[in-house]
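A.B. asks: Following this message is one structure expressed as structure tokens.
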Amino acid sequence: MARRGAGTPFLLRLSLLLLLCPGGTLGCASVAVGSPVVPLGSAVTASCTIWSKFCRGLEQRTVQITWMLDNEPVAGTQHRGPGGTEVSNLTLPQFNRTHAKLWCWVEWNGTKQRVGMAEIRAGYPPAKPFNLTCVLNLSDYGLTCQWEQGADSHLPTSIALKWCPRAHPSRCRRSRAQVVTGCIPQGGHSCCTVPRRLLQLYRQMEIWVSATNALGTAESEHLCIDPMDVAKLDPPALKSIQSIPFQTDCVALVWEVARSNAHMELQCELRYRAPKDPTWALVTGIVGQAGTTQCCGFLFGMQYHFQMRCRRSSAQGYWSEWSLGRNYTTHEKAPAGKLDAWWSTQPGRAGGRMEVQLRWKAPRQQEANGRVLGYRVTLSPRRRGRDPPTVCNTTHTQCNFSAPAGTRRVYVSAYNAAGESAATEVILLERKGQPLAGLQTVPRGERSLWVRWEAPLAPVAAYVLEWQRVSSEPSHCSACWQMEHDTAATTALIQDGIEPFQRYNISVYPLYKDAIGVPIHTAAYSKQKAPSYAPKLHLKSISKSDAELCWDPVPVEMQNGFITSYTIFWANSTAEVSSAAVNPSLSSFVIRELKPSTLYKVHIMASTGAGSTNGTSLTLVTTVLDDIEIQFLFLTLGLIFVLLILLLICFQKNGRVKQQFWPSVPDPANSSLGKWVPAELQQEPLQVPGVREPGLATISTVTVLERVAGKQPPAGGKEP
């Protein structure tokens, strides 16, 4: 029995294996679906039919059919069909998977076995391709077209580029019989090339992209083009660039068109720019076959970068790529224009002299006319036939020199390899004019500031703005400055040397015809943040209820903004926290109403308009008594001690007082009794211990005295 029971699972497995054998399930079961490809989200129907008489082991058995969608069980309805078949029908009301396998299972003796499968796909009809463009490559005359695909359909989709000849010269129609598949993109790309053998040049053709899947077909917009109209030409080659001798702001350019374009009529464009120019200057309307052209309006001594491109003169088709660039530097001429200058003076060490600091701005590029080699400063203008003595010849834009006291004018000029500019006269005016009515600043960005001022009543010739970074260390660098020539201006943007989180002192001077206005000043930040660190607290003094703290201000470089306040926080061991705001101009603070003999933790917080930073903690302990109380205690003890001394002296000097405290006691040795000796003792020698012998006296004899009858005691004595 044991062996028979053990063989039952083996027989079951063998029966299931026979179901899977070619002779077992062939013609035994089938799965059918309404459509193997359906729109995503639509219903799916399927049926599974079992022919029991063809399934070995199921001839006389009850067949139970179940369904699995991938690994998920789904419920169907089962009934007996014609010819002894078992049929299970399944309806999925909403199929939301793009791909799945539907399995039909047969349950026999508690074991399930797959007997059929149908694969189902779901998606959308293909999206319409768009942005179809084509370019004819003249190197091989292949027509390359590219486009953009629409949304993913989740289904296998075939893409093809198709074309047909244009049927009518005025309208773009096509005959289905003439449709030609030009190319099929490979590797999922959205472009392909129609070979030259399939094209008809100089003839209109209709081109479109077709996308097809099991749910439908979509086509892009149709292009009606002549392939030569979309030809992309090869770029020309710039050969030479030269300045025209007599028109010094003009240049002549020479180029060659590509060989593939030599038989075409071309129109070309030229573009150029200086290295610092953000945009290109464009010259249009150039005839390509001319091979040369002239352009004017260039700056002197400036390097330019030139490029050229061409296309067919019919204005159809694509521009060629820009040619390889070519650099050219125009020739120089002497600088032109006047220099903006600013100065300061102070008395010299030697009598009759003054020290002058003269600063100026480098000429703008359109006035420099080349590379400026240096600047020359003189005390008198240049005259014909002789040059004045030079007090400064430098490549920098400032000069410090000594001049005779009372010098009113100096002259500065710039020079390059082509010559020297006319001298700019600088009048050294006194700073005594009317100041501005008001001044304020507003950040424009992290590295710039808007400066606004109120114009004075008197007419001005110009304004000078001067700014310098504030430092806690002595600074020897000169301030930045700029001049505003617009007399109606009340705002100016300063950018040179401006950095975030740094303080700048800004001054504005109005320039009058005969004087310089007294400047007004302000301080500003382009951007603020919390201080880099807070001050370190120091204990200056402490008592039982007060503690005086002090600190060193945060260096201006580390403030990162205007300090709006300091806040002192203190807390005792019971976590009672108190705080007080302190004016940023102060560097000390007294905490009051503290508890005696109590430990406190104190820290300081420094704040700007953009944030706060906490400092390290300071621990302090209040005293038991105040200094005044300690002084009073010592004074009281001192007074008590003095009073005691005085009392002792008084007691020592005053007999009555002394008698009251130390009364006089009679000396027994001087009494009459002490001098009286009985008669019986007069015969016996009295042994008295030696004065110098220490120790107790030795008693050798004891005598008992008795009163003699009738004898009276001595006078002044008392009865023993």
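A.B. asks: Quick one: if you stick a label point 7 Å off each Cα along the C-beta vector at VAL287 and THR522, how many nm between them?
C.D. replies: 6.2
A.B. asks: Can you work out the Karplus-derived ³J(HN,Hα) for every residue in region 401-418? Use 6.51 cos²θ - 1.76 cosθ + 1.60 with θ = phi - 60°, whole Hz, and x for glycine or proline.
C.D. replies: Values, residue by residue: 8, 9, 9, x, 4, x, 4, 10, 9, 9, 10, 10, 9, 10, 9, 10, 5, 8 Hz.
A.B. asks: On alpha carbon coordinates alone, what is the Rg over Rh value for region 247-372, Rh being the Kirkwood radius?
C.D. replies: Taking Rg over the Kirkwood Rh, I get 1.29.
A.B. asks: Pop a pseudo-label 7 angstrom from the Cα along the beta-carbon direction at both LEU643 and GLU119 and give the gap in nm to one decimal.
C.D. replies: 11.9
A.B. asks: Provide the FRET efficiency to the nearest 0.05 for the GLN303-HIS154 pair, computing r from the beta carbons and using R0 = 60 Å.
C.D. replies: Approximately 0.55, to the nearest 0.05.
A.B. asks: Once phi is turned into θ = phi - 60°, what whole-Hz ³J(HN,Hα) does the Karplus curve with 6.51, -1.76 and 1.60 give for every residue of region 615-621, x standing for Gly and Pro?
C.D. replies: x, 6, 8, 10, 9, 9, 10
A.B. asks: Using the Karplus curve 6.51 cos²θ - 1.76 cosθ + 1.60 with θ = phi - 60°, work out ³J(HN,Hα) for each residue of region 280-297 in order, rounded to whole Hz, and write x for Gly and Pro.
C.D. replies: Values per residue, Gly and Pro as x: 8, 8, 10, 10, 10, x, 8, 7, x, 6, 5, x, 8, 7, 10, 9, 10, x Hz.
A.B. asks: FRET efficiency for GLN366 and ALA571, Cβ-Cβ distance as r, R0 = 60 Å, nearest 0.05?
C.D. replies: Efficiency at R0 = 60 Å is approximately 0.35.
A.B. asks: Further question on the same structure: How much length would be gained if the chain were fully extended between ARG80 and ARG349, taking 0.36 nm per residue of separation minus their Cα-Cα distance, in nm to one decimal? Intermediate values should be presented prior to the final figure.
C.D. replies: Numbers: separation 269, 0.36 × 269 = 96.84 nm, distance 12.59 nm.
Length gained, ARG80 through ARG349: 84.2 nm.
A.B. asks: Of all the C-alpha pairs in region 130-229, what % are more than 20 Å from each other?
C.D. replies: Of the Cα pairs, 36 percent sit more than 20 Å apart.
A.B. asks: Using 7 Å Cα-to-Cβ label points, what is the GLN94/VAL624 separation (nm, one decimal)?
C.D. replies: Label at GLN94, label at VAL624, 8.5 nm between them.
A.B. asks: How large are Rg and Dmax for region 424-549 when calculated on the C-alpha trace, in angstrom?
C.D. replies: 19.7, 73
A.B. asks: For ARG203 and LYS101, what does the FRET efficiency come to when R0 = 60 Å and r is the distance between their Cβ atoms, rounded to the nearest 0.05?
C.D. replies: 0.70
A.B. asks: Semi-axes, largest first, in whole Å: what does sqrt of 5 times each Cα gyration tensor eigenvalue give for region 49-165?
C.D. replies: The answer is 52, 15, 12 Å, longest axis first.
A.B. asks: Provide the gained length on full extension for the span ASP277 to ARG383, in nm with one decimal, where the gain is 0.36 nm per separating residue minus the Cα-Cα distance.
C.D. replies: Full-extension gain reported as 34.2 nm.
A.B. asks: Note the full-extension length gain between CYS650 and PHE562 as 0.36 nm times their separation in residues minus their Cα-Cα distance, in nm to one decimal.
C.D. replies: Between CYS650 and PHE562, full extension yields 24.4 nm more.
A.B. asks: Within region 327-368, list the residues whose amide N lies under 16 Å from a label point set 7 Å along Cα→Cβ of CYS250.
C.D. replies: Correct set: 331.
A.B. asks: Among LYS276/LYS338; LYS276/LYS513; LYS527/LYS601; LYS101/LYS162, which pairs are too far apart, with a Cα-Cα distance over 30 Å?
C.D. replies: Values: LYS276/LYS338 23 Å; LYS276/LYS513 37 Å; LYS527/LYS601 34 Å; LYS101/LYS162 36 Å.
Flagged as over cut-off: LYS276/LYS513; LYS527/LYS601; LYS101/LYS162.
A.B. asks: With the other protein chains left in place, how much accessible area per residue, in square angstrom, belongs to region 170-267 at a 1.4 angstrom probe?
C.D. replies: Heavy-atom SASA per residue in region 170-267 reads 54 Å².
The values are calculated or read from the model by the stated rules, or taken from the named source; none is laboratory data. Everything numeric in this text was worked out from a predicted model, so none of it was measured. Here Cβ is always computed from backbone atoms with ideal geometry, including for glycine, and neighbour counts include all displayed protein chains. The accessibility values were calculated without ligands, DNA or RNA, using every heavy atom of the protein model including side chains. Shrake-Rupley method; radii C 1.70, N 1.55, O 1.52, S 1.80 Å.
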